Amino acid sequence: MSDSPTRHLNLQGASNFRDLGGYPTADGRITRWRHIFRSNHLGLLTAADIEIVRALGVRSAFDFRGVEERAAGICVVNEITVHSLPIEPTVVAALRAELARGTLTAPVALEIMRESYRNYVRYNTHSFRTLFQHLLEDRAPLIIHCTAGKDRTGFASALILHALGVADDVISEDYLLTNQLYRRDTSNAADLPADVLDAIGSVEATYLDAGFEAVRAEYGDLESYLHDGLKLGTPERTALKARYLQS
């Protein structure tokens, strides 16, 4: 639709800042624009960026970064209340362990990335469950983010879109938009080989697939995960759709 809002907001101090609105759902509705945003961290926003975010009316942020990550990039928008839902990063440490053993290759890096997504389901479902509890309190406009806004945030965004009834192929397209929009910061992993940095500085469909592979292994199927893992029964799903979908 030509009159739709811009999905990607090209901020100077944040990349991958975008809107989850405008996606069609199975029941013929679309996700509401300007309600849920996803981004990388909000610690480097410029004065101009802050004014853009203020104009969007964002009041709540849900931050998946670990303890040290949060300290290194505190949100600079004073009006935003930040809710910490920590999922500690594991990828760079696992890569460095392989590097020390002399066994680090690009395929190994890809599998480490996939395993990190499986671990979101195995060990961090509580953080995603808490996110949905907040979403049900209708704090929109809101933003979800981690450090890069691509992995923890990407998986959370996929769960939100699934819960709202968006089709798998559309969810995959949203997830892969990161590869067009994310500006890499490799400063914390400059010791790693270039092909490994490529693996961790982008997203692949197989990463997201690995997360949902773990959903099936642990819960049987996605609907069971939404119901049993994330505690989204029929009343909660109905309430989510009422808040975040439009006709």
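Couple of notes before you dig in:
- Across the protein chains, with a 1.4 Å probe defining accessible surface, the residues T178, T130 rank T130, T178 from largest area downward.
- When both bridge partners sit in the chain, DSSP labels roughly 35% of those beta bridges antiparallel.
- Relative contact order computed over the chain (Cα-Cα under 8 Å; 6+ residues apart), in percent: 25 percent
- Kirkwood Rh and Cα Rg combined as Rg/Rh, the chain: 0.95
- Ordered by 1.4 Å accessible area with all protein chains kept, K231, K241 run largest first as K231, K241.
- Listed residues Y219, Y175, Y120, most fluctuating in the chain (Gaussian network, C-alpha, under 10 Å): Y219
- Region 37-134 has equivalent-ellipsoid semi-axes of 31, 17, 11 Å, by the square roots of 5 times the alpha carbon gyration tensor eigenvalues, sorted largest first.
- Cα-projected label distance for D168 with S202, points at 7 Å along beta-carbon direction, nm: 2.3 nm
- In region 156-247, the convex hull through the Cα atoms has an average projected area of 7.8 nm², a quarter of its surface area.
- Calculated on the alpha-carbon coordinates, the convex hull of region 102-229 measures out at 122 cubic angstrom per residue.
- Under conditions of 37 °C and 0.692 mPa s, region 178-218 yields 277 µm² s⁻¹ as its translational diffusion coefficient, taking Rh as the Kirkwood radius over Cα pairs in the Stokes-Einstein equation.
The values are calculated or read from the model by the stated rules, or taken from the named source; none is laboratory data. Because the structure is predicted, anything quoted here is derived from the model rather than measured. Glycine gets a Cβ as well: all are built from the backbone with ideal geometry, and neighbour counts include every protein chain shown. The protein model used for the area step is the full one, side chains on, heavy atoms only, and it has no ligands, DNA or RNA in it. Shrake-Rupley method; radii C 1.70, N 1.55, O 1.52, S 1.80 Å.
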